[in-house]
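Before any comments, here is the structure.
Derivation of every value follows stated rules applied to the coordinates shown; laboratory data play no part. This structure is a prediction, so every number in the text was calculated from the model and none was measured. Note: ideal-geometry Cβ built from the backbone for every residue, glycine included; neighbour counts use all protein chains shown.
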Amino acid sequence: MRLTRFLALTLALLCAAFFVVACGGDEPEPDSTATPTPAPAAAAPTPTPADAMEPKDPEQPAATPTPLPPGATAPPATATPTPRPVPTATPIPGWDPEEHFKNKRISINVGFSPGGGYDTFARLMAKFLPNHIPGNPRFVVRNLTGGGGERIFKPTLVDIAPEGYAAAVVHPRFFKRELVGIDVPDFDPSTVKIIGTASAVKSTSAQFTFRDTGLTWDEAVANKGTLTVGATEPGDGSGLATAFIELVGGPVKIVYGYPGSSDIAAAFDRGEIDITTRGGEVTAKSLFPEWVTGRQIVPLFYWGADPADDQNFTNYVINDLGAEIPPHLFDIIDLTDEQKTLFSITLTINQDMSRLFIMHPDTPEHIYQLWVDAFRATAHDPAFIEAAGLLNRVVGYSGPDEIVQVLAEGTEALQDPVLREGFITLAGGVD
């Protein structure tokens with residue numbers, strides 16, 4: 001018995017791009033009532049000191065855009081925004097950054113349960129950011145689960161003063177919804193301060209199943225008829241491939257409502273769901289190593305980077321699991337060129353904007369710029385990169401300028417009404 005683990009943003013966004021980089025702010029929100037234990041979806045948030053970071057299983061690594069597989073249609077050509085000058089911190093008369101942050105408590109709010117990729121990167125940043133912010137501030141990570149990550153917005157962007165004492169890690173689904181005109185309460189991409197992400201990396205993603213379900217996609221479908229998969233809520237980035245298959249009428253049924261990555265892995269181990277991305281190397285070896293040591297699981301299909309360009313994925317599948325490299329998503333079901341383009345657009349946004357750090361929209365420019373500079377320095381800090389490697393995480397920095405360009409290109413592509421309709425569904429905007 002197995003053990004139990006773009007966009008309706010309009011031209012206002014382009015104008016706001018200058019504001020995003022030039023103005024600034026991060027502000028952590030102190031929470032005097034939080035307790036040091038993880039909070040359930042409806043419970044009070046739980047602050048956790050950065051030093052308590054553990055090598056639990058993160059979500060599947062995000063990836064950077066890769067060439068489309070054979071037969072795919074490239075997204076429509078888009079205009080390239082005029083590069084914006086990157087502002088540098090300017091001394092502000094009477095403002096002492098060391099005094100401003102001295103002994104302060106800074107919160108990083110995470111909308112998912114402990115152990116997943118968002119939580120892991122928040123704890124990594126909380127541990128190493130103090131080395132790049134004056135005043136030796138103390139960082140805590142708060143897990144505000146519920147609403148698929150939406151609970152982070154009000155305490156980060158509304159309820160506190162914009163003094164730079166809180167930040168949050170946001171899921172790209174919320175940018176996608178706003179891009180097609182679906183309002184996300186307390187969140188406005190055209191004004192929010194974008195700090196950056198350290199999780200924009202190139203990798204291969206795959207759906208895994210237990211060997212007794214089937215060694216290939218066709219065998220698994222033949223044995224189960226319809227394959228169930230777990231997700232947090234519609235728009236879950238790691239569930240993009242299965243949501244896409246379900247959208248085009250493929251044999252997949254998504255079960256929503258899981259708090260986070262580790263919960264989905266446990267449901268897979270119990271046999272509650274049939275397939276999952278949590279069979280990837282990071283999750284499996286961290287939470288359910290017997291899946292790997294016993295060679296219990298196999299990949300059914302992949303998407304993202306070509307496995308030939310992702311040696312870690314190839315070694316894991318062939319050497320650790322004793323399995324074969326699976327076919328690409330586009331090769332297991334019949335798809336039109338338009339459907340392939342839809343998937344590629346959505347994937348690009350997910351990959352470039354995974355685990356994006358944001359701050360209060362009214363944070364003063366000098367405080368915001370200090371955060372942007374500190375975040376960039378941390379993402380390139382050898383000690384940070386080494387610590388991420390120990391947690392099987394690959395670091396890839398993307399800053400405010402890059403994120404704004406991705407949003408602009410997505411907005412342009414989504415002028416196509418057919419792509420727009422499908423994009424809304426994949427973004428979780430349709431029940």
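Observations on the model:
- Restricting the range 284-358 to GluC sites (Glu not before Pro) that sit in a DSSP loop and have at most 14 other Cβ atoms within 10 Å of their own Cβ leaves 324.
- Divide the volume of the convex hull around the Cα atoms of the range 126-252 by the residue count and you get 163 Å³ per residue.
- In whole angstrom, the range 321-416 maps to an equivalent ellipsoid with semi-axes of 33, 24, 8, each derived as √(5λ) from the alpha carbon gyration tensor and ordered largest first.
- Stokes-Einstein D for the range 158-316, Kirkwood Rh over Cα pairs, 37 °C, 0.692 mPa s (µm²/s): 187
- Members of 176/224; 154/176; 154/285; 176/285; 127/253; 104/176 lying beyond 28 Å, as alpha-carbon distances in this model show: 176/224; 154/285; 176/285; 127/253; 104/176
- Qualifying trypsin sites (Lys or Arg not before Pro) for the range 91-122 [loop in DSSP, other Cβ within 10 Å: at most 12]: 102
- Calculated on C-alpha atoms, the gyration radius of the range 274-389 divided by its Kirkwood radius gives an Rg/Rh of 1.08.
- Taking the empirical scaling 2.2 N^0.38 Å for compact globular proteins as reference, the range 231-273 has a Cα radius of gyration ratio of 1.13.
- For residue 252, the residues 5 or more places off, or on other chains, whose built amide H falls under 5 Å of its own are 227.
- Each principal axis of the Cα cloud of the range 197-268 was taken in turn, and the coordinate range along them, longest first, works out to 40, 27, 26 Å.
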